[in-house]
Amino acid sequence: MKSIFKRQLSVIAVTLLCVAPIMAQGYSKGHISAGWQYGSPISTGFTDKASGYGLYFDGGYYMNPFLSVGVFLNYHTNYEYIPRTTYPIGTTGDVTTDQQHCIRQLPFGASIRYRLFTGKWQPFFGAKLGANYMHAYSDFHTVRVYEDTWGFHISPEIGIALYPFKSSRLGFNLAGYYSYSTNQSAILHYEMNGVNNLGFRLGLIF
């Protein structure tokens, strides 16, 4: 998990370094934002613990002073430890064990953002629409049971962008989000029929 997290962080860092010179030259119709994501699945019956193992990236182009369209890529991992319990296996057997559950999600696709003002403070609301790749697994003893699924993803958000520096387009981005993905997964006796997520994002915007 740590290696995946580091790779995602490296991709975002390289992207920001590449686009920073363009933005510094006054390319005001574009915006790129990247940073940290905190969130939790809700009522999955599998893994509902909140975590800060998340990253986000999105960029867009303003069609007019207020409305932008663009793309996004998010990554998030959530873990939950399940204490030792006896579980039914099949129709006649059972097993007693503890478990480590994990859900990794990688949604990506198109995004829109509408900002209310164009000054230093820019409250906004937006939505993201695309696909979600989910890798879910349960570890117990020396065995891992997992499933990879794809689903449809939609995520409204509301937030604010703050540009405190007079001579720079560098700013701070804060947003709260809700997302729903249609991924369905069955691991052991656990079944997930869609995944709801709730959290917030904190990062830089250019």
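Taking a probe of 1.4 Å, how large is the accessible area per residue of region 119-206, in Å²?
Values: 4520 Å² over 88 residues.
Computed with neighbouring chains in place, this is 51 Å² per residue.
Which residues in region 176-206 have a backbone N closer than 18 Å to a point placed 7 Å from the Cα of T97 along the Cα-to-Cβ line?
186-191
State the percentage of accessible surface on region 103-206 attributable to carbon and sulfur atoms; use a 1.4 Å probe and exclude ligands, DNA and RNA. Write out the running numbers ahead of the final one.
Numbers: 3560 of 5310 Å².
Ligands and nucleic acids excluded, carbon and sulfur reach 67 percent.
Considering every Cα-Cα pair within region 34-131, what fraction, in whole percent, is farther apart than 16 Å? Numbers along the way, then the final one.
On the way: 3276 of 4753 pairs.
The proportion of pairs with Cα distances above 16 Å equals 69 percent.
At R0 = 30 Å, how high is the FRET efficiency between I112 and E147 if r is their beta carbon distance? Nearest 0.05 is fine.
Details: r = 32 Å, r/R0 = 1.05.
It comes to 0.40.
Using Cα pairs under 8 angstrom and six or more residues apart, how large is the relative contact order of region 115-206, in percent? Kindly include the intermediate steps, with their values, before the conclusion.
On the way: 209 pairs, mean separation 23.4, N = 92.
Worked out over region 115-206, it gives 25 percent.
Over region 27-166, what is the relative contact order in whole percent, taking alpha-carbon pairs under 8 Å and six or more residues apart? Please list the in-between numbers first.
Values: 337 pairs, mean separation 25.0, N = 140.
Relative contact order here is 18 percent.
Cα atoms only, region 111-204: Rg and Dmax in Å?
Here Rg and the maximum Cα pair distance are 18.4, 57 Å.
Quick one: net charge around S185, please, counting Lys, Arg +1 and Asp, Glu -1 for every other residue with C-beta under 12 Å from its C-beta.
On the way: positive: R104; negative: E147, D148, E191.
For residues surrounding S185, the net value is -2.
The values are calculated or read from the model by the stated rules, or taken from the named source; none is laboratory data. Keep in mind the model is a prediction, meaning the values are calculated, not measured. Because the Cβ atoms are built from the backbone with ideal geometry, glycine has one as well, and the counts that use them run over all protein chains shown. Calculation scope for accessible area: heavy atoms of the full protein, side chains included, ligands and nucleic acids excluded. Shrake-Rupley method; radii C 1.70, N 1.55, O 1.52, S 1.80 Å.
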